Amino acid sequence: MLAEFLRKNWAYLLGALALHGAFAAIFALTMMQMSRSPPQRALAIQAVIVDPNAIARSARRQQQEREQAEARAREEAEAKQRQQREAERRQQEQEVLQREEEQRIERERQMDEKRREEAAVRQKEAEERQVREREEAERARAEEAEKEKARTAEAEKQRVAEIHRRQKEEAAKRQAAEDARQQQARESDLRKQLEEEEGRAQAEKAGLLNQYIAMIEQRIVRNWNRPPSARAGLECEVKVAQAPGGTVLSVQLGRCNGDDAVQQSIQAAVMRSSPLPPPPDPRLFERNLLLVFKPQD
């Protein structure tokens, strides 16, 4: 607090000290002047001589000295007052300058703070703009990716559709070719079948089928071991399944007038006759034959 008081009122204190110093100097000068006045000599004869002119001159001199001292004191006081007023003026000017400096500093601080706030606002706006730009760019990329995905999906769909169309066309072509081949095969088989049937019919007309059946029956009869229970007039139907080449696959008896021993002997005779003789005409071959076993008595 004292330091703050001295800092703010140093001019007044300096003026007061100067004024007191002036009064002290005037007092010292007066005392010195009085000390320089010579003391009156003591006369051997006590007598008083009164000189009115001398008294008047002394009085005037003292009056002048007092007036001069007062004038000097007034001048010094006025000088001190002027110095004090000048000091006060300088102090006021200093205070004005200080206030102006403080105001300038405050304005600059406010301006700096305003600039910082404006910079912060611009920075925030720039960041928000960057965020918006990034979001817009991301949305644009996402939309482009979706469009590209849709285009890719559409292209893939078209490609798959084209593949399916081609596959259908190729399948239709293959089916048509297969149908044509099968039709040709059926027609060929039909022609062959007709030819075989015609040839078979011609062979049958020529008696070759009866000849073929008689050959098989004769071989079976030759391979038959007549059992004791066989009687005269034996006649049995024999169903024979054969493979190409005459290998006997199975034997079944149908209507037969022989007992079990006779029937078993006939089956054994058929199996011993394998392979059966081939037909005179291949077109007469039958997988399933119906024979009549009728040996001569």
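The values are calculated or read from the model by the stated rules, or taken from the named source; none is laboratory data. The shown structure was predicted, so the numbers you read here are calculated from the model rather than taken from an experiment. Cβ atoms come from the backbone with ideal geometry, glycine included; neighbour counts cover every protein chain shown.
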Open item on the list: Only one of VAL96, VAL121, VAL160 is among the β-branched types (Val, Ile, Thr), at pLDDT below 90 and either surrounded by 10 or more Cβ atoms within 10 Å (Cβ to Cβ) or in contact with a helix residue (DSSP H, G or I) (Cβ under 8 Å, 6 or more places away or on another chain) (or both). Can you tell me which?
Closed with: VAL96
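In a loop (DSSP other than H, G, I, E, B), within 15 Å of VAL221 (Cα to Cα) and touching a helix residue (DSSP H, G or I) at 6+ places or on another chain (Cβ under 9 Å) - does that describe any residue in region 261-274? Spell out the reasoning first.
The first filter runs over region 261-274 and keeps only residues in a loop (DSSP other than H, G, I, E, B), leaving 273-274.
Then keep just the ones that are within 15 Å of VAL221 (Cα to Cα); that gives 273-274.
So of that shortlist, the ones also touching a helix residue (DSSP H, G or I) at 6+ places or on another chain (Cβ under 9 Å) come out as 273.
Yes; the residues of region 261-274 include at least one that is in a loop (DSSP other than H, G, I, E, B), within 15 Å of VAL221 (Cα to Cα) and touching a helix residue (DSSP H, G or I) at 6+ places or on another chain (Cβ under 9 Å).
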- [ ] Being surrounded by fewer than 16 Cβ atoms within 10 Å (Cβ to Cβ) and part of a helix (DSSP H, G or I) is the filter here, so list the residues in region 205-240 that pass it.
- [x] LYS205, ASN210, GLN211, ALA214, MET215, GLN218, ARG222
Open item on the list: Looking at VAL251, VAL292 in this structure, which one is β-branched (Val, Ile, Thr), more than 12 Å from GLU217 (Cα to Cα) and assigned to a strand (DSSP E or B)?
Closed with: VAL251
- [ ] Note down all Cβ pairs under 6 Å where the first residue falls in region 223-250 and is in the same structural domain as ASN288 (by TED's automatic domain parsing), the second is of a type in the set (D, E, K, R), and they're at least six residues apart or on different chains.
- [x] ASN223/ARG272; SER229/ASP259; ALA232/ASP297; GLU235/LYS294; GLU237/ARG255
TODO: Mind counting the residues in region 225-260 that are of a type in the set (A, V, I, L, M, F, W, C) and in contact with a helix residue (DSSP H, G or I) (Cβ under 7 Å, 6 or more places away or on another chain)?
DONE: 9
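Only one of GLN263, GLN202, GLN252, GLN184 is touching a Leu at 6+ places or on another chain (Cβ under 8 Å) and of a type in the set (S, T, N, Q). Can you tell me which? So that I can check it myself, show each step before the final result.
Details: GLN202 fails: touching a Leu at 6+ places or on another chain (Cβ under 8 Å); GLN252 fails: touching a Leu at 6+ places or on another chain (Cβ under 8 Å); GLN184 fails: touching a Leu at 6+ places or on another chain (Cβ under 8 Å).
Going through GLN263, GLN202, GLN252, GLN184 in turn, the sole match is GLN263.
May I ask you to list the residues in region 236-262 that are of a type in the set (A, V, I, L, M) and in contact with a Pro (Cβ under 7 Å, 6 or more places away or on another chain)? Walk me through how you get there before you give the answer.
Residues of region 236-262 of a type in the set (A, V, I, L, M): 238, 240-241, 243, 248-249, 251, 253, 261-262.
The answer is ALA261, VAL262.
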TODO: Go through (1) assigned by TED's automatic domain parsing to the domain that holds PRO279; (2) over 14 Å from LEU291 (Cβ atoms) one by one and return the number of the condition GLU195 breaks.
DONE: (1)
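For every residue, the table says whether it meets (1) at pLDDT 85 or above; (2) over 30 Å from SER265 (Cβ atoms); (3) touching a Pro at 6+ places or on another chain (Cβ under 9 Å).
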{"position": "ALA171", "(1), (2), (3)": "yes, yes, no"}
{"position": "ARG174", "(1), (2), (3)": "yes, yes, no"}
{"position": "GLU178", "(1), (2), (3)": "yes, yes, no"}
{"position": "GLN182", "(1), (2), (3)": "yes, yes, no"}
{"position": "LEU190", "(1), (2), (3)": "no, yes, no"}
{"position": "LEU194", "(1), (2), (3)": "no, yes, no"}
{"position": "LEU209", "(1), (2), (3)": "yes, no, yes"}
{"position": "ILE216", "(1), (2), (3)": "yes, no, yes"}
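Inspect all residues belonging to region 263-280 and state whether any of them is touching a Pro at 6+ places or on another chain (Cβ under 7 Å) and either under 23 Å from LEU209 (Cα atoms) or without any contact (Cβ under 8 Å) to a residue 12 or more places away in the chain (or both). Give the steps one after another, and end with the answer.
We begin by selecting, within region 263-280, every residue touching a Pro at 6+ places or on another chain (Cβ under 7 Å); these are 265.
Within this subset, residues satisfying the condition of being either under 23 Å from LEU209 (Cα atoms) or without any contact (Cβ under 8 Å) to a residue 12 or more places away in the chain (or both) are none.
The answer is no, given that none of the residues of region 263-280 is touching a Pro at 6+ places or on another chain (Cβ under 7 Å) and either under 23 Å from LEU209 (Cα atoms) or without any contact (Cβ under 8 Å) to a residue 12 or more places away in the chain (or both).
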